[in-house]
Amino acid sequence: MKKNKKDGTVMIRQPLKTRIGRQKYLLLMLLPGMIWYLVFKYVPMLGLGLAFTDYGFRAKVSFVGLENFHRLFTSSIFWKAFRNTIVLSIYNIVFYFPIPLIVALLINELKSFKAKKAIQFLIYIPYFFSWVVVGSIFVNLLSPSYGPVNTIIKAFGGEPIYFMASPDHFRSVMVLSYIWRQMGYGAVIFIAALTTVDPQLFEAAMIDGCGHWGRVIHVTIPSIKSTIVTMLLLNLSHVLMIFEQVLVMYNSAVYDVADVLQTYVYREGILSGDIGYSIAVGMFTSVISLILVLSTNKLSSKLLEEPIL
């Protein structure tokens with residue numbers, strides 16, 4: 001038994017075994033997810049110690065201390081991959097992040113319920129496509145021989161452009177494909193947040209003489225500010241984890257502008273067999289990602305007056 005100091009009521013605390021027994025089915029539903037996280041997220045951490053060895057496709061393994069980290073900090077290829085990762089991530093955040101919010105605000109303005117659902121369905125479908133499928137779609141769309149984009153360019157008298165092998169155009173293709181695939185997912189989250197806005201706020205704004213766009217700027221957006229910051233935090237947490245999209249779409253002709261940290265780790269660890277060095281690069285990437293997340297969380301605590309994490 002426990003007495004509440006505020007109102008003097010007595011709370012009866014049930015035994016732990018009884019509480020677990022009542023929630024056993026919910027706990028069983030959580031079990032597969034917990035096992036997945038344990039096996040694929042926590043168990044691999046046991047291999048972090050290999051970053052300080054020369055472990056690879058060889059019989060003898062020896063401790064090398066910080067040699068792998070010294071190697072990555074002095075490698076021009078590593079820094080080129082790091083720069084490409086930062087540039088692509090900034091492009092994705094700057095050009096992608098506002099679009100789901102804008103799309104959600106536009107859909108929210110529609111009066112027809114059926115039109116809203118139809119548009120949500122159409123823009124959400126690409127999110128279920130794997131990057132392999134998305135890569136194949138863009139390869140066919142941008143093909144210099146039979147792609148519709150180059151067909152239009154040739155129809156206006158221009159020369160066909162090999163977008164997928166052009167360092168000047170490849171990053172634009174990456175950003176456009178990312179927006180096309182991820183836009184629906186972000187928009188659905190913002191639409192869900194918009195449904196929680198109190199209608200009385202709009203009525204009060206109208207009484208105060210606030211116009212349509214004024215209500216959007218001064219009522220709608222501030223009301224979902226926490227969701228906007230949360231989505232920004234989620235985007236920043238994956239800022240250095242670009243992998244599948246690049247792996248299925250890049251080629252040797254665009255390595256200078258497309259090779260990112262995760263593809264660099266893949267080539268060094270899986271293809272070249274230098275696993276110890278690739279783990280060191282992956283550890284460095286994870287530390288930087290953690291710093292970005294904690295910094296964004298600190299910033300959100302100032303903007304929202306409470307941390308998200």
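All of the numbers you see were taken from the coordinates with simple rules; none came from a lab. From a predicted model like this one, the values you see are computed outputs, not experimental measurements. Here Cβ is always computed from backbone atoms with ideal geometry, including for glycine, and neighbour counts include all displayed protein chains.
Some points to look at:
- Of the residues I217, I228, the one with the fewest other Cβ atoms within 10 Å heads the list, and the complete ranking is I217, I228.
- Taking W213, W79 and counting other C-beta atoms within 10 Å, the order from fewest to most: W213, W79
- Here the label points at L290 and I35, each 7 Å from Cα along the C-beta direction, are separated by 2.9 nm in the simple model.
- Full extension of the chain segment joining F113 with W213 gains 33.9 nm, where the gain is 0.36 nm per residue of separation less the Cα-Cα distance.
- Once C-alpha pairs closer than 8 Å and six or more residues apart are averaged by separation and normalised to the residue number of region 14-150, the relative contact order reads 7 percent.
- With R₀ set to 41 Å, the beta-carbon distance separating I125 from L66 gives a calculated FRET efficiency near 0.30.
- The simple Förster model, with R0 at 25 Å and r as the Cβ-Cβ distance, assigns F243 and I86 a FRET efficiency of 0.95.
- For T53, residues with placed amide H under 5 Å, excluding near neighbours: V64
- Residue-by-residue Karplus 3J(HN,Hα) for region 279-295, coefficients 6.51, -1.76, 1.60, Hz, glycine and proline x: 5, 4, 5, x, 5, 4, 4, 5, 5, 5, 4, 4, 4, 5, 5, 5, 5
- Secondary-structure-derived ellipticity at 222 nm for the chain, considering helices only, amounts to -18000 deg cm²/dmol, per-run term -39500 (n - 2.57) for DSSP H runs with n ≥ 4.
- Mean separation of Cα pairs under 8 Å and 6 or more residues apart, divided by the residue count, gives region 115-242 a relative contact order of 22 percent.
- Scattering curve values for region 211-304, log₁₀ I(q)/I(0), Debye with Cα scatterers, q = 0.25 Å⁻¹: -1.20
- Contact order normalised by residue count of the chain, Cα under 8 Å, 6+ apart, percent: 24
- HN-Hα J in Hz across region 60-65 - Karplus 6.51, -1.76, 1.60, θ = phi - 60°, x for Gly and Pro: 9, 10, 10, 7, 10, x
- The ranking of S62, S278 from fewest to most other beta carbons within 10 Å of each one's beta carbon is S62, S278.
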